[in-house]
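The values are calculated or read from the model by the stated rules, or taken from the named source; none is laboratory data. The shown structure was predicted, so the numbers you read here are calculated from the model rather than taken from an experiment. So basically every Cβ, Gly included, is an ideal-geometry build from the backbone, and we count neighbours across all protein chains shown.
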Amino acid sequence: MMCYFATFWYLLKEYLMAHKSVKLTESLMELAISDAANSMRSTPMQIEYYYRLARLAEQYEDLPIAMIKSLMISSQEKADIPFKFRR
C-alpha cells in the first residue's frame, strides 16, 4: 500500500510542477495551435516538442534538423517498447 501511495504522490508532484503559466505572443500561440492540429498533438505537447527540438538544435549545431527529428522519434520509440529477455 505504501508503494502505491508514494507513486501517487510522485505523479501528483510531477503533474503540479509541469503546469506553469508562461506568456506567449498571440502569433506564436496561433502557430502552435495550427501545427499541433496538423501533428495530432495538443498545444502544450507541440510547444514542448518545439522546445526539445530547438534545445537539441542548439546543442548539436552541426546536425541537420531532419536528423535531430529522426533521433527524437527513434528515442521515443525505444522508450515505448518494453525490453523482452531471452530465455
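At-a-glance table
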{"quantity": "Region 53-87, residues that are at pLDDT 85 or above, among the charged types (D, E, K, R) and surrounded by fewer than 12 Cβ atoms within 10 Å (Cβ to Cβ)", "calculated": "R55, E58, E61, D62"}
{"quantity": "Subset of region 39-68 (residues that are over 16 Å from L24 (Cα atoms), charged (D, E, K, R), part of a helix (DSSP H, G or I) and out of contact with any helix residue (DSSP H, G or I) (no Cβ under 7 Å at 6 or more places or on another chain))", "calculated": "R55, E58"}
{"quantity": "Neighbours by Cβ (under 7 Å, 6+ apart or cross-chain): first from region 34-50, surrounded by 15 or more Cβ atoms within 10 Å (Cβ to Cβ); second among the aromatic types (F, W, Y)", "calculated": "R41/Y49"}
{"quantity": "Considering residues of region 1-28 that are within 17 Å of the chain's Cα centre (by Cα) and within 25 Å of I68 (Cβ to Cβ) only, the residue modelled with the highest pLDDT", "calculated": "V22"}
{"quantity": "Residue within region 25-32 that is small (G, A, S), part of a helix (DSSP H, G or I) and surrounded by 11 or more Cβ atoms within 10 Å (Cβ to Cβ) present", "calculated": "yes"}
